[in-house]
1. Can you name the condition, by its number, that Val155 falls short on among (1) surrounded by 14 or more Cβ atoms within 10 Å (Cβ to Cβ); (2) closer than 26 Å to Gly28 by Cα?
2. Condition test on Ser91, is it in the same structural domain as Val37 (by TED's automatic domain parsing), of a type in the set (Ser, Thr, Tyr), assigned to a helix (DSSP H, G or I) and touching a residue at least 12 places away in the same chain (Cβ under 8 Å)?
3. Scan the range 53-74 and give yes if some residue there is in the same structural domain as Pro107 (by TED's automatic domain parsing), of a type in the set (D, E, K, R), assigned to a helix (DSSP H, G or I) and within 16 Å of the ligand (Cβ to nearest atom), otherwise no.
4. For Leu128, state whether it is in contact with a strand residue (DSSP E or B) (Cβ under 9 Å, 6 or more places away or on another chain), over 17 Å from Asp15 (Cα atoms) and not charged (D, E, K, R).
5. Every residue in the range 92-111 that is among the hydrophobic types (A, V, I, L, M, F, W, C) and surrounded by fewer than 21 Cβ atoms within 10 Å (Cβ to Cβ), please.
6. Collect the residues in the range 1-40 that are crowded, with 22+ Cβ neighbours inside 10 Å and in a helix (DSSP H, G or I), keeping them in residue-number order.
7. Taking interchain pairs and intrachain pairs at least six residues apart, which have beta carbon atoms under 8 angstrom, with the first residue in the range 1-29 and of a type in the set (Val, Ile, Thr) and the second more than 16 Å from the ligand (Cβ to nearest atom) and assigned to a loop (DSSP other than H, G, I, E, B)?
8. Got a sec? Which of Ala122, Ala102 is among the small types (Gly, Ala, Ser) and under 26 Å from Phe29 (Cβ atoms)?
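The values are calculated or read from the model by the stated rules, or taken from the named source; none is laboratory data. Here the structure is a predicted model, which means the values were calculated and not measured. Glycine gets a Cβ as well: all are built from the backbone with ideal geometry, and neighbour counts include every protein chain shown.
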Amino acid sequence: MSKPAVSIVMGSDSDLEIMREAGKALEGFGIEYELDVTSAHRSPDRTAEFARRAAGRGIRIIIAGAGGAAHLAGVIAAHTTLPVIGVPIPSTSLNGLDSLLATVQMPAGIPVATVAIGKPGATNAGILAAQILGIADSIITQKLEAHKTKLAQSVEEKSRKLRGTS
Ligand code: RP5
């Protein structure tokens with residue numbers, strides 16, 4: 001097994017069900033990843049250390065998911081020059097709107113590429129990470145093209161079924 005290129009981290013193990021979707025997407029493109037829990041407010045030192053060391057360990061992209069006042073992705077982005085993708089987790093009574101705003105509204109200077117709330121966002125975070133890695137990896141690009149072809153075929157299939165022509 002080669003070293004993971006992507007690190008998926010989350011604020012709590014209660015985020016795992018959603019964040020697994022990012023891992024599943026990466027698996028579909030044959031990309032190695034690691035999964036861990038680190039919290040911006042419960043374990044700030046651990047989070048800063050993780051972010052500072054990630055590039056040196058060979059990590060190329062970080063996907064960070066958190067709920068509530070979700071500052072995990074922003075704090076990680078503050079401590080690394082690696083691209084950080086933020087996944088807003090719907091874990092409070094505000095159903096992720098809180099996490100979305102906290103993750104996406106980074107002041108100028110420290111970007112976090114924020115995806116949709118919950119599982120669709122986690123899936124897209126994995127695909128976006130693959131697209132970033134695909135810039136320098138033609139095998140990943142081919143798999144991304146196949147993924148788009150498959151999506152288009154699924155629409156054709158749905159269309160045929162709906163029109164009763166299959
Ligand atoms: C956030 O608080 C986590 O990312 C999680 O979404 C939420 C709740 O965490 P737990 O109380 O379930 O550990 O920091």
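1. (1)
2. no
3. No: zero hits.
4. Spelling it out, Leu128 is indeed in contact with a strand residue (DSSP E or B) (Cβ under 9 Å, 6 or more places away or on another chain), over 17 Å from Asp15 (Cα atoms) and not charged (D, E, K, R).
5. Residues satisfying the conditions are Leu94, Leu97, Leu101, Val104, Met106, Ala108, Ile110.
6. Hits for the range 1-40 are Asp15, Ile18, Met19, Ala22, Ala25, Leu26.
7. What qualifies is Val6/Ile31; Val6/Glu32; Val6/Ile59; Val6/Arg60.
8. Every option except Ala122 fails the conditions.
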